[in-house]
1. I'd like the per residue volume of the convex hull spanned by the Cα atoms of the chain, given in cubic angstrom.
2. Where the centre of each part is set by its Cα atoms, how far does the range 187-207 sit from the range 17-59, in angstrom?
3. Could you give the length gained by full extension between residue 132 and residue 192, i.e. 0.36 nm per residue of separation minus their alpha carbon distance, to one decimal place?
4. Grab the DSSP H runs of the chain that are 4 residues or longer, score each as -39,500 (n - 2.57), total them, divide by all residues and round the 222 nm result to the nearest 500 deg cm²/dmol.
5. By average Cβ neighbour count within 10 Å, what is the ranking of 10-17, 264-271 from highest down?
6. Could you check the spin-label model distance between residue 155 and residue 283? Points 7 Å from the Cα along Cα→Cβ, value in nm.
7. Compute the helix-to-body angle for 7-29: its Cα long axis versus the longest principal axis of the chain, expressed 0 to 90° and rounded to tens.
8. Using mean Cβ contacts within 10 Å as the protection proxy, how do 140-146, 68-74 order, highest first?
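None of the figures in this text is laboratory data; all of them are computed from the coordinates on show. Keep in mind it's a predicted model, so treat the numbers as computed, not measured. Note that each Cβ is placed from the backbone with ideal geometry, even for glycine, and that neighbours are counted across all protein chains shown.
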Ligand code: NAP
């Protein structure tokens, strides 16, 4: 039976530490870290994410600035707001909630957020920094996973790690972080002919596919660490991950549940990146 990696409890513990550091930060510099979150349109899931980000800011003691813009907002209007926030010294992190309406070019938006305020780490400058291993921010989901591995004392050096999925927000940066943690890393994707043959060799399997029941018990070896990034709905409409939890739990040494595993760590890492950004700003010559 695997040990459950509790992202909810770990996330709360990390946020408590951030709250303490924020108190010290405020005493030292006389202001709080600030995070601006922009939402365009009224996608219900996005609204929930934005609300949770605001709650997390309150919990750790940051200022949160929320901009709820109508769906008809033009790209130019959004870029104007970003330019204002880039120039605002009370804002240390800027995040545009995805997805944005189709008439707005998301890539252009990302490029216009100053890299030093890009707490999502989507700007090519930050992506490049991750590649060379000299970075300030890491995309929140992969960062949350490495934090969880560290909190549970999971050895990574010399281990084999398979990441399933190669998206820019999860799979690719995740693989790079595991490489920095001295794993031997393999990335699988939709053109990998036999994913199971690859994952069965892995000490650590990170599934970021977006398909319920994708990672079956017979695709992992005994004692593997299973990190389930997936957020899917099964046939009954219940939230579930990419792994068949019942099967994998029997063979794995550690496993993250869905919900309550990777998800709560993601928002916590956004808070961590924001404090880091505020510290860098405060110490700028
Ligand atoms: P994505 O952009 O859709 O990427 C999915 C990846 O899975 C792609 O690289 C795709 O390969 C690969 N894939 C699809 N079918 C496959 C197959 N049969 N065999 C092997 N690989 C396959 O998704 P994402 O944004 O990375 O997200 C992945 C999952 O994580 C989603 O369920 C998402 O909701 C969840 N997620 C959770 C959090 C969290 O905080 N918990 C955060 C972000 C995402 P190709 O590149 O070849 O198409």
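1. Dividing the Cα hull volume of the chain by its residues yields 134 Å³.
2. Taking the Cα centre of each part, the range 187-207 and the range 17-59 sit 36 Å apart.
3. Numbers: separation 60, 0.36 × 60 = 21.60 nm, distance 2.63 nm.
Using 0.36 nm per residue and subtracting the Cα-Cα distance, I get 19.0 nm.
4. On the way: 10 runs with 124 residues, N = 285.
Per the formula, -13500 deg cm²/dmol.
5. Details: 10-17: 17.1, 264-271: 23.9.
Highest to lowest by the protection proxy: 264-271, 10-17.
6. 3.2 nm
7. 30 degrees
8. Numbers: 140-146: 25.1, 68-74: 13.4.
Listed from highest to lowest mean packing, they are 140-146, 68-74.
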